[in-house]
Amino acid sequence: MKTRMAFLALVGSALPATSILAQDSVEAGTVEFNENELEELYNSGAWTIQNAYGLDVQGGNGETVGQVEDFVLSTEGAVVAMIAEVGGFWDIGDTHVSIPWDEVEFTPGGPVSVPVTEENVEDYDLFNSADFSGADVDSDVAAGADDERLGGKLWRASELIDTYARVKGDDDTWANFGFVNDILIDDGQIKATVVNTTAAHGPTVYAYPYDRVRNDEDSAWWVPGDPTYDIPVLLSDASDQAQFDPDRMNNQ
């Protein structure tokens, strides 16, 4: 599986914020999981995007046909489709396909079952799937599926992972805090994002509930194309929240 590390130049708080957050939205305790909520998260059916990458994919005939490459999500955080690299076991050679999420039988740890076969693989062409109808796909698409970018209506999980995370400084500027390390999915919807902090803030790991993110363009923490993931919590309060232990997730 190809590596998707989107290394951005760390230029500090001088980066312009593409998300506008009202100061009254930055209140301690409003955007973090408390201890009880973390216990519920550990025992939920949530699974992690990072652990899903590279899982074996079984085709419609039950044979292993490829691996999980990525996931396509909507701006509301719903999983729309799974992208897989398949075909190495067929005469057609390797190709990337998108499978509508309602056609994917996903089990944490794999294998993942899809209805793709050598005979119908063209029906799941990367950008011809029904899931992408109406999506604004950039007209100038770079060669190679791992470099292709979707338009603003849909985004790939790998676009958010490794994005730098910032919190609100006490002087009303953005302060570097860490990076998005993972995304937790439950029942086809983003349940949480996982942020690893820098050494200056621990280092440690926190989880932020995605369903509390406001998704309108002027106040979202992150929209496709943003260089940073801006979390509406004060820097002075950021280290007081309950820490997240990824190893306690049931579905690793």
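The values are calculated or read from the model by the stated rules, or taken from the named source; none is laboratory data. These numbers come from a predicted model, not from an experiment. Cβ atoms come from the backbone with ideal geometry, glycine included; neighbour counts cover every protein chain shown. The accessibility values were calculated without ligands, DNA or RNA, using every heavy atom of the protein model including side chains. Shrake-Rupley method; radii C 1.70, N 1.55, O 1.52, S 1.80 Å.
Near Val112, within a Cβ-to-Cβ distance under 10 Å, what is the net charge of the other residues, with Lys and Arg +1 and Asp and Glu -1? Could the numbers behind the result be given before it?
Values: positive: none; negative: Asp56, Glu105.
That sum, taken over residues with Cβ under 10 Å, equals -2.
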Tell me the label-point distance for the pair Thr117, Thr173, using the 7 Å Cα-to-Cβ offset, in nm and rounded to one decimal. 6.2
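Where does the charge balance sit around Asn43 when Lys and Arg score +1, Asp and Glu -1, over other residues with C-beta under 12 Å from its C-beta?
On the way: positive: Arg248; negative: Glu37, Glu39, Glu40, Asp186.
My count for the surroundings of Asn43 gives -3.
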Provide the per residue accessible area, probe 1.4 Å, for region 29-108, rounded to a whole number of square angstrom. 40
List residues of region 44-63, by number, whose backbone nitrogen lies under 13 Å from a label position 7 Å along Cα→C-beta of Asp186. 44-48
Hey, for a label at Ser239 modelled as a point 7 Å past Cα toward Cβ, could you say which residues of region 166-191 have their backbone N under 13 Å away? 177
Estimated FRET transfer efficiency (Phe127, Glu37; beta-carbon r; R0 35 Å; 0.05): 0.40
